[in-house]
Amino acid sequence: MSSYTHLTIADQGKGGVVRVVTIDRPKALNALNREVVRELTAVVDALGADLGKTRGLVITGGGPKAFVAGADIAAMANMSPEEARAFSSEGHTLGFKLAALPVPVIAAVNGFALGGGCEIALACDFIYAAENAKFGQPEVNLAVIPGFGGTQRLLRRVGLARALELCMTGEIIDAEEALRVGLVNKVVARGEVVDAAVATIETIAKKGPLAVAAAKQVLHKGADLVLAAANQEEIEAFASMFATSDQREGMAAFLEKRRAAFTGE
Ligand code: CAA
């Protein structure tokens, strides 16, 4: 595994199947500068090229206070529009790459997830929050807007009116409110959020891996299509599962009342 300046990488869970990436700049509350974005992208690219034993990715923040308190304001303060466009594009590329990974990606939010931090969490398949987590898009306080996909992913996650309210007021909400509006899937005790995400990926790792990848792909793609086209994606993906030996194995195992042994083929 490569070494990174701002990230800590560990393989956790039974058999080390869960790659846990910790964004580790606690003195700046894990703020995202270009280097951090590039390192995260490199981690995702490496997994995309060769998953090896990895069956899911967890992203979390180092230190006791923050997941990620946003894009690095000091690094952005003197950016030109061209530099800001390039920075924003790199954040968006990372988001697309997380969605394209054929394994689940969970944000384990252990404190502030503001601005670009909330956006990185939104770019994960789903979010688990520690009870001290705080979410928001406070960019308007700095006279800018979300730049790593926050406007559009928030809109799709919590609906237009709530997304508008969050992006225009810069309001910061707590974990319970984030749960209530559907921004996060689960709230757990402080200190247990990474373990909860790892446990979920361990559960998913027992399923047919091609089916897990297909479900993720169809859901992400379908979210941006009209219903008839999205349903067609499902039909094709459903059909393609029947060309796999895992489908034969999964159904035979059920009928023979034994545990399936999937190979990912
Ligand atoms: N960028 C750079 N440094 C940051 C930072 C950020 N986003 N957030 C916090 N820090 C730094 C602080 O400057 C401070 O550094 P020093 O100790 O050197 O002064 C350190 O982290 C600790 O922060 P605070 O002292 O402010 O901690 P606090 O507990 O009083 O407040 C906070 C915590 C409410 C999260 C506050 O730090 C804050 O409001 N941070 C900025 C949040 C923000 O505006 N995020 C959006 C950024 S814009 C963006 O993300 C654009 C995009 O969409 C791509």
- Query: Dipole magnitude of the stretch 209-255 about its Cα centre, charges +1 at Lys/Arg Cβ and -1 at Asp/Glu Cβ only, in debye to the nearest 20?
  - Reply: 60 debye
- Cross-link reach list, lysines versus Lys134, counting only Cα pairs under 20 Å and skipping chain neighbours closer than eight places: Lys27, Lys65, Lys186
- Task: At a 1.4 Å probe radius, which order do Thr151, Thr41 fall into by accessible area, largest first?
- Result: Thr151, Thr41
- What is the Cα centroid distance between the stretch 184-231 and the stretch 159-181, reported in whole angstrom? 22 Å
- Message: Once ligands and nucleic acids are excluded and a 1.4 Å probe is used, how much of Arg190 is accessible, expressed in Å² to the nearest 10?
- Response: 140 Å²
- Item | For q = 0.08, 0.10, 0.11, 0.15 Å⁻¹, Debye-computed log10 I/I(0) when each Cα of the stretch 7-204 counts as one equal scatterer | -0.23, -0.36, -0.43, -0.83
- Message: Using a Gaussian network model on the chain with a 10 Å cutoff between Cα atoms, which of Gly117, Gly222, Gly208 fluctuates the most?
- Response: Gly222
- Message: Rounded to whole Å, give me the distance from the Cα center of the stretch 101-122 to that of the stretch 1-64.
- Response: 12 Å
- Straight-line reach check, Lys97, cutoff 15 Å on alpha carbons, 8 or more apart in-chain or any other chain, hits among aspartates and glutamates -> Glu39, Asp45, Asp50, Glu119, Asp125
- Query: In terms of Cα to Cα distance under 17 Å, which lysines are near enough to Lys14, apart from those fewer than 8 places away along the same chain?
  - Reply: Lys53, Lys206, Lys207
- Message: Taking every DSSP beta bridge with both residues inside the chain, roughly what % is antiparallel (nearest 5)?
- Response: 30 percent
- Item | Net dipole in debye of the stretch 17-141 [+1 Lys, Arg Cβ; -1 Asp, Glu Cβ; about Cα centre; nearest 20] | 320 debye
- Quick one: pull the percent of accessible area on the chain belonging to carbon and sulfur, 1.4 Å probe, ligands and nucleic acids left out. 58 percent
- Accessible solvent surface per residue of the chain, calculated while the other protein chains remain in place, 1.4 angstrom probe, Å²: 50 Å²
- Task: Would you look at the GNM of the chain, springs on alpha carbons closer than 10 Å, and say which of Phe242, Phe112, Phe135 moves the most?
- Result: Phe242
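The values are calculated or read from the model by the stated rules, or taken from the named source; none is laboratory data. The model shown is predicted, which means the values in this text are computed figures rather than measured ones. Glycine also receives a Cβ, built like all others from the backbone with ideal geometry; neighbour counts cover every protein chain displayed. Note: areas computed on protein heavy atoms with side chains; ligands, DNA, RNA excluded. Shrake-Rupley method; radii C 1.70, N 1.55, O 1.52, S 1.80 Å.
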